[in-house]
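Enquirer: Below you'll find the structure I mean.
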Amino acid sequence: MSGLWRASVITLYPDMFPGPFTQALAGRALGEIWSLETVRLRDFGLGKHKTVDDTPSGGGVGMVLRADVVAACLDSLGVDDRPRLLMSPRGKPLNQARVRALSSGPGVILLCGRFEGVDQRVIDGRNLEEVSIGDYVLSGGEIAAMAVLDACVRLLPGVMGKDASGENESFEGGLLEHPHYTRPQSFEGVEIPAVLTSGDHAKVEAWRRSESLAVTKQRRPDLSGAKDR
Ligand code: ADE
């Protein structure tokens with residue numbers, strides 16, 4: 001057994017992967033620090049047409065992924081202790097705390113939904129954790145799965161170096177990040193805030209903290225860092 005963080009993605013569109021994961025830091029770490037396997041849901045389809053879905057019981061539009069097909073596919077992966085996530089707009093919203101927990105575990109199994117949904121009996125019977133990446137509807141779970149993987153992989157030791165240690169990142173400490181500046185000193189007549197070039201580290205820290213607080217209160221009053229201050 002390798003010590004890599006293991007991702008398995010169950011999908012009807014395996015050619016969407018590795019997709020972005022040939023590039024940049026996560027791409028460089030693929031095969032070294034983490035592994036990515038795609039599992040073809042179609043291979044578990046039934047009959048000549050390898051059918052994976054059927055019409056919704058009770059009527060209505062769209063199609064539902066069959067419990068027996070999804071279960072056979074999941075069971076083919078064998079038993080391990082990785083969490084099994086179903087990418088779905090009705091899932092619990094993903095946050096940085098969940099990402100950190102996933103990243104510090106053995107890896108993930110991600111099931112990409114398509115169509116109207118997945119039969120509830122396999123969600124319950126195989127203990128799938130429904131996860132959403134935001135309050136909008138994608139055409140399928142693949143891009144959501146990529147978002148989950150990207151967020152987890154960048155936190156794996158050795159992928160990003162000290163940048164990802166994370167204390168100053170947005171959401172750590174329940175706050176959004178302060179604004180950033182770099183050269184040139186003057187851009188279209190707008191100067192870098194003087195405090196940032198003052199060399200006074202305590203003042204810089206105080207300024208960043210107050211900017212973080214202000215932007216969080218304005219944009220994300222729901223975040224913990226925006227409250228009671
Ligand atoms: N599939 C479709 N929309 C999604 C979303 N917002 N999050 C996760 N999976 C999805």
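Enquirer: Can you tell me the length gained on complete extension of the stretch S57 to S104, counting 0.36 nm per residue apart and subtracting the Cα distance? Working shown, then result.
Expert: On the way: separation 47, 0.36 × 47 = 16.92 nm, distance 3.93 nm.
Full extension from S57 to S104 adds 13.0 nm.
Enquirer: How long is the gain from Q185 to D68 if the chain were fully straight, where each residue apart is worth 0.36 nm and the alpha carbon distance is subtracted?
Expert: Values: separation 117, 0.36 × 117 = 42.12 nm, distance 6.22 nm.
Additional length available on full extension: 35.9 nm.
Enquirer: May I ask you to give the solvent-accessible area per residue for region 168-227, in square angstrom, as obtained with a 1.4 angstrom probe? Don't jump to the answer; show the numbers that get you there.
Expert: On the way: 4240 Å² over 60 residues.
Accessible area per residue: 71 Å².
Enquirer: Loop only per DSSP, at most 15 neighbouring Cβ atoms within 10 Å: give me the chymotrypsin sites (Phe, Trp or Tyr not before Pro) in region 124-193, ordered by residue number.
Expert: Working: sites: Y136, F171, Y181, F187; in loops: Y136, F171, Y181.
When the chymotrypsin sites (Phe, Trp or Tyr not before Pro) of region 124-193 are filtered for loop state and at most 15 Cβ neighbours within 10 Å, Y136, Y181 remain.
Enquirer: Taking only C-alpha pairs under 8 Å that are 6+ residues apart, what is the relative contact order of the chain in percent? Each step should come with its number before you reach the end.
Expert: On the way: 332 pairs, mean separation 41.2, N = 229.
Averaging sequence separation for qualifying contacts and normalising by length gives 18 percent for the chain.
Enquirer: Sticking with this structure for a sec: So for region 168-227, taking the charge dipole from beta-carbon charges (+1 Lys/Arg, -1 Asp/Glu), which of S170, S186, S198 sits furthest toward the positive end?
Expert: Sorting the options by dipole projection puts first S170.
Enquirer: How large is the dipole of the chain about the Cα centre if only Lys and Arg carry +1 and Asp and Glu carry -1, each at its Cβ, rounded to the nearest 20 debye? List each step's numbers first, then the result.
Expert: Numbers: 27 positive and 30 negative charges, 18 e Å.
Charge dipole of the chain: 80 debye, to the nearest 20.
Enquirer: Okay, next question. Using amide H atoms built in the peptide plane, which far-off residues or other-chain residues are under 5 Å from L111 H to H?
Expert: I10, L85, L86, M87
Enquirer: Ordered by residue, what ³J(HN,Hα) values in Hz, to whole numbers, does region 104-120 give under the Karplus form 6.51 cos²θ - 1.76 cosθ + 1.60, where θ = phi - 60° and Gly and Pro are x?
Expert: Per residue, the Karplus-derived 3J(HN,Hα) values read 8, x, x, x, 9, 10, 10, 9, 8, x, 9, 6, 6, x, 10, 3, 4 Hz.
Enquirer: Listed highest first by mean packing, meaning other Cβ atoms within 10 Å per residue, what order do 37-50, 83-96, 197-210, 17-30 come in? Please list the in-between numbers first.
Expert: Numbers: 37-50: 14.5, 83-96: 18.1, 197-210: 12.0, 17-30: 16.2.
Highest to lowest by the protection proxy: 83-96, 17-30, 37-50, 197-210.
Enquirer: Report the charge-dipole magnitude of region 168-227 in Debye, nearest 20, computed about the Cα centre from +1 at each Lys and Arg Cβ and -1 at each Asp and Glu Cβ. Before the final figure, lay out each step's value.
Expert: Details: 8 positive and 9 negative charges, 40 e Å.
The calculated dipole for region 168-227 is roughly 200 debye.
Enquirer: How much of the accessible area of region 70-198, probe 1.4 Å, is carbon plus sulfur, in whole percent? If you can, show how the numbers build up before the last one.
Expert: Working: 3700 of 7090 Å².
Of the solvent-accessible surface of region 70-198, carbon and sulfur hold 52 percent.
Enquirer: Using a probe radius of 1.4 Å on heavy atoms only, what accessible surface per residue do you get for region 5-153? Whole Å² is fine. Spell out each step's value before the answer.
Expert: Numbers: 7600 Å² over 149 residues.
Per residue, region 5-153 has 51 Å² of solvent-accessible surface.
Enquirer: Okay, next question. Rg/Rh for region 168-227: what does it come to with C-alpha atoms and Rh from Kirkwood? Each step should come with its number before you reach the end.
Expert: Working: Rg = 12.9 Å, Rh = 12.4 Å.
My calculation puts Rg/Rh at 1.04.
Enquirer: Please list, by residue number, everything in region 40-81 whose backbone N is under 12 Å from a paramagnetic label point 7 Å out along Cα→Cβ of R121.
Expert: Taking a point 7 Å out along Cα→Cβ of R121, the residues of region 40-81 whose backbone N falls under 12 Å are 57, 66-71.
Enquirer: Sticking with this structure for a sec: Would you mind checking which residues have amide H under 5 Å from V52's amide H? H placed 1.01 Å from N; only 5 or more apart, or other chain.
Expert: The answer is L46.
Enquirer: May I pose another question? How many percent of Cα pairs in the chain exceed 33 Å?
Expert: Details: 8443 of 26106 pairs.
When every Cα pair of the chain is considered, 32 percent fall beyond 33 Å.
Enquirer: Using only Cα atoms, locate the centre of region 98-116 and the centre of region 1-74, then give the distance between them in Å, rounded to an integer.
Expert: Region 98-116 and region 1-74 have Cα centres spaced 12 Å from each other.
Enquirer: Normalised by the number of residues in region 18-92, what is the relative contact order in percent for Cα pairs under 8 Å and 6+ residues apart? It would help to have the intermediate numbers written out before the result.
Expert: Working: 46 pairs, mean separation 13.4, N = 75.
It comes to 18 percent, rounded to a whole number.
The values are calculated or read from the model by the stated rules, or taken from the named source; none is laboratory data. Source: prediction; values computed, not measured. Cβ: placed from backbone, ideal geometry, glycine included. Neighbour counts: every protein chain shown. Surface areas here come from the heavy atoms of the whole protein model, side chains and all, with no ligands, DNA or RNA. Shrake-Rupley method; radii C 1.70, N 1.55, O 1.52, S 1.80 Å.
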